[in-house]
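Since the structure comes first, as structure tokens, the remarks are kept for the end.
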Amino acid sequence: MAESLYDIRFRENVEKRILCHMQLSSAQVEQLRQAIEELYYFEFVVDDLPIRGFVGYMEESGFLPHSHKIGLWTHLDFHLEFHGDRIIFANVSVRDVKPHSLDGLRSDEFLGLTHTYSVHWSETSVERRSDRRRGDDGGFFPRTLEIHWLSIINSMVLVFLLVGFVAVILMRVLRNDLARYNLDEETSSGGSSDDFDQGDNGWKIIHTDVFRFPPYRGLLCAVLGVGAQFLALGTGIIVMALLGMFNVHRHGAINSAAILLYALTCCISGYVSSHFYRQIGGERWVWNIILTTSLFSVPFFLTWSVVNSVHWANGSTQALPATTILLLLTVWLLVGFPLTVIGGIFGKNNASPFDAPCRTKNIAREIPPQPWYKSTVIHMTVGGFLPFSAISVELYYIFATVWGREQYTLYGILFFVFAILLSVGACISIALTYFQLSGEDYRWWWRSVLSVGSTGLFIFLYSVFYYARRSNMSGAVQTVEFFGYSLLTGYVFFLMLGTISFFSSLKFIRYIYVNLKMD
């Protein structure tokens, strides 16, 4: 905050007093035009009362011919109300003022401006500021609640469509499939199961391969473990925010809570990863725990090292000192890593054998050629775009809070959108898995993780769009920090949604094959 040139004295009216004279070059005018187009505003404080107004005026009209006018407000009318010796209300107005045009300036021409202002005092019967109610109070910033509700309605429609789609699959298509398969098997009791397989197609024919364990099972289990950890971490952060544990004016509060919760939830990643790894026949459980604890911490440390090094090189205050770095490493070594090991030991000891409803043959079945619309790329595109579309509007407000000057306080809506995101991910995963199995392709393990996990890629692509079209960032420091942490954000969403997608598909596959009669 700095003291302005405006001289306002209590109960002293002023009419068109000159504030200053200015001479602006064409480059300065162009800079001013850009600020007006991006809706820059000023803020004054009069006796702890905020006064806000836009720097200039912009008007666009017509299609053919298109007109684009930009003007600068060079006169401000201050309206203040008082009761006794206290100011009750303060406002600034340009209602009766014409803006100074900034159009049509030549490159070698200077623009002369004279800034003026008026002050109008009036007495009011209101004794306290809190008793004053007017429709324009606090109305300078656009109210974003309506847009949030629009986002939720859009997401809810998507959820209802997907849930209905999955319900149709489960209730109509699957019921018909099960009835036909079971009837065919009863009427063909004289033939062998191999003869039955040769006369049928679809998801039933691959029942001896659908539970064949995938390659890189250790990496798959590590992804599921860390994804489960971030599900718990994200839910915990939002619930803490709902309980009012974060002050919006303390920007580091959520970061500190996230670091602490990450260290405490490491036991979840160790337990889930080791438990499932032992279920699917994994033997190198020590290596699995090391992979689990490194899957996020190593990329995070490498990204953070690059970002912090750029901050140090440019003398930025965002660079963390060596003491803070040592403190964070100590928290991870003394809390995070030991809890991962403890969770892994509990998960290994409590793991029961993988209870597959179908017997898996030793020789894998040949997979028929698949049409282009059942390829991994198409499934990733569809499975990533639909969950992203459910959160795209809310994502803008989160980016504007993290990288801009906005303050996010609607945590109830955020929790609702988070639940919608998980629901959409689970539903689209079940639908895509059913289509894949119907094509006699039993390689669903990694496909289910990649299909909905690709939402993280869409989030990173959105961050590129936000950087280019919605932010004013430039330079090495801002660029490296933005894209470094955006990459990590997309990676976290990949792990989290990939885990939801996998366990939804696993539950669905168990359900349809348990209800199938087999020899």
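Free of Cβ contacts under 8 Å to residues at least 60 places away in the same chain and either hydrophobic (A, V, I, L, M, F, W, C) or open to solvent by less than 40 Å² (accessible area, probe 1.4 Å) (or both): which single residue out of Phe78, Phe110, Phe44 fits that description?
Details: Phe78 fails: free of Cβ contacts under 8 Å to residues at least 60 places away in the same chain; Phe110 fails: free of Cβ contacts under 8 Å to residues at least 60 places away in the same chain.
Being free of Cβ contacts under 8 Å to residues at least 60 places away in the same chain and either hydrophobic (A, V, I, L, M, F, W, C) or open to solvent by less than 40 Å² (accessible area, probe 1.4 Å) (or both) holds for just one of Phe78, Phe110, Phe44, which is Phe44.
Among the residues of the stretch 205-247, write down those that are crowded, with 21+ Cβ neighbours inside 10 Å, more than 16 Å from Asn288 (Cα to Cα), in contact with a Phe, Trp or Tyr (Cβ under 7 Å, 6 or more places away or on another chain) and not aliphatic (A, V, I, L, M).
Selection gives His207 alone.
Could you say which residue among Leu422, Leu395, Leu328 is in contact with a Pro (Cβ under 9 Å, 6 or more places away or on another chain) and not polar (S, T, N, Q)? Spell out the reasoning first.
Numbers: Leu395 fails: in contact with a Pro (Cβ under 9 Å, 6 or more places away or on another chain); Leu328 fails: in contact with a Pro (Cβ under 9 Å, 6 or more places away or on another chain).
Matching residue, one of Leu422, Leu395, Leu328: Leu422.
Are any residues in the stretch 462-474 farther than 20 Å from Leu422 by Cα and either free of Cβ contacts under 8 Å to residues at least 24 places away in the same chain or open to solvent by less than 40 Å² (accessible area, probe 1.4 Å) (or both), and if so, which ones?
Matches in the stretch 462-474: Ser463, Val464, Phe465, Tyr466, Tyr467, Ala468, Arg469, Ser471, Met473, Ser474.
Residue-by-condition table, conditions (1) modelled with pLDDT under 90; (2) farther than 20 Å from Leu24 by Cα; (3) among the β-branched types (Val, Ile, Thr):
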site: His66; (1), (2), (3): yes, yes, no
site: Lys69; (1), (2), (3): yes, no, no
site: Leu80; (1), (2), (3): no, yes, no
site: Arg86; (1), (2), (3): yes, yes, no
site: Leu111; (1), (2), (3): yes, no, no
site: Arg128; (1), (2), (3): yes, yes, no
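Are any residues in the stretch 330-355 surrounded by fewer than 17 Cβ atoms within 10 Å (Cβ to Cβ) and at pLDDT below 85, and if so, which ones?
Selection gives Val331, Ser352, Pro353, Phe354, Asp355.
How many residues are under 27 Å from Ala228 (Cβ atoms) and exposed (fewer than 13 other Cβ atoms within 10 Å of the Cβ) if we restrict to the stretch 272-325?
Matching residues across the stretch 272-325 total 7.
Taking the stated definitions as given, is Gly236 small (Gly, Ala, Ser) and either touching a Leu at 6+ places or on another chain (Cβ under 8 Å) or under 15 Å from Leu339 (Cα atoms) (or both)?
Details: small (Gly, Ala, Ser): yes; either touching a Leu at 6+ places or on another chain (Cβ under 8 Å) or under 15 Å from Leu339 (Cα atoms) (or both): yes.
Spelling it out, Gly236 is indeed small (Gly, Ala, Ser) and either touching a Leu at 6+ places or on another chain (Cβ under 8 Å) or under 15 Å from Leu339 (Cα atoms) (or both).
Among the residues of the stretch 7-20, is any touching a Leu at 6+ places or on another chain (Cβ under 8 Å), in contact (Cβ under 8 Å) with a residue 12 or more places away in the chain, of a type outside the set (Phe, Trp, Tyr) and over 11 Å from Tyr117 (Cβ atoms)?
no
Return the residue satisfying two criteria in turn: it lies in the stretch 375-384 and is open to solvent by 40 Å² or more (accessible area, probe 1.4 Å) and touching a residue at least 40 places away in the same chain (Cβ under 8 Å), and of such residues it is farthest from Ser454 (Cα to Cα).
Looking at residues that are open to solvent by 40 Å² or more (accessible area, probe 1.4 Å) and touching a residue at least 40 places away in the same chain (Cβ under 8 Å), I get Thr376.
When Asp441 is evaluated against the numbered criteria (1) over 23 Å from the mean Cα position of the chain (by Cα); (2) open to solvent by less than 10 Å² (accessible area, probe 1.4 Å); (3) at pLDDT 90 or above, which criterion, by number, is the only one it fails?
(3)
Among the residues of the stretch 385-418 satisfying the criterion of being charged (D, E, K, R) and without any contact (Cβ under 8 Å) to a residue 12 or more places away in the chain, which is least open to solvent (accessible area, probe 1.4 Å)?
The selected residue is Glu406.
Tell me the residue from Leu488, Leu450 that is open to solvent by 40 Å² or more (accessible area, probe 1.4 Å) and touching a residue at least 12 places away in the same chain (Cβ under 8 Å), please. Spell out the reasoning first.
Working: Leu488 fails: open to solvent by 40 Å² or more (accessible area, probe 1.4 Å).
Residue meeting the stated conditions: Leu450.
Considering (1) surrounded by fewer than 18 Cβ atoms within 10 Å (Cβ to Cβ); (2) more than 22 Å from Ile206 (Cβ to Cβ), say which one Leu421 fails and leave the rest.
Just one mismatch for Leu421, condition (1).
Would you check if Leu516 is in contact with a Lys or Arg (Cβ under 9 Å, 6 or more places away or on another chain), surrounded by fewer than 19 Cβ atoms within 10 Å (Cβ to Cβ) and either modelled with pLDDT under 90 or of a type outside the set (S, T, N, Q) (or both)? Please lay out each step first, then the result.
Values: in contact with a Lys or Arg (Cβ under 9 Å, 6 or more places away or on another chain): yes; surrounded by fewer than 19 Cβ atoms within 10 Å (Cβ to Cβ): yes; either modelled with pLDDT under 90 or of a type outside the set (S, T, N, Q) (or both): yes.
Criteria met by Leu516.
Given Phe435, Phe465, which one is at pLDDT below 90 and farther than 27 Å from Ala222 by Cβ? Let's see the steps before the verdict.
On the way: Phe465 fails: at pLDDT below 90.
Criteria check complete, one pass: Phe435.
The values are calculated or read from the model by the stated rules, or taken from the named source; none is laboratory data. What you are looking at is a predicted structure, and each value in this text was computed from that prediction instead of being measured. Ideal geometry is used to build each Cβ from the backbone, glycine not excepted, and the neighbour counts take in all protein chains shown. Quick note on the areas: whole protein, heavy atoms, side chains included, nothing else; ligands and nucleic acids left out. Shrake-Rupley method; radii C 1.70, N 1.55, O 1.52, S 1.80 Å.
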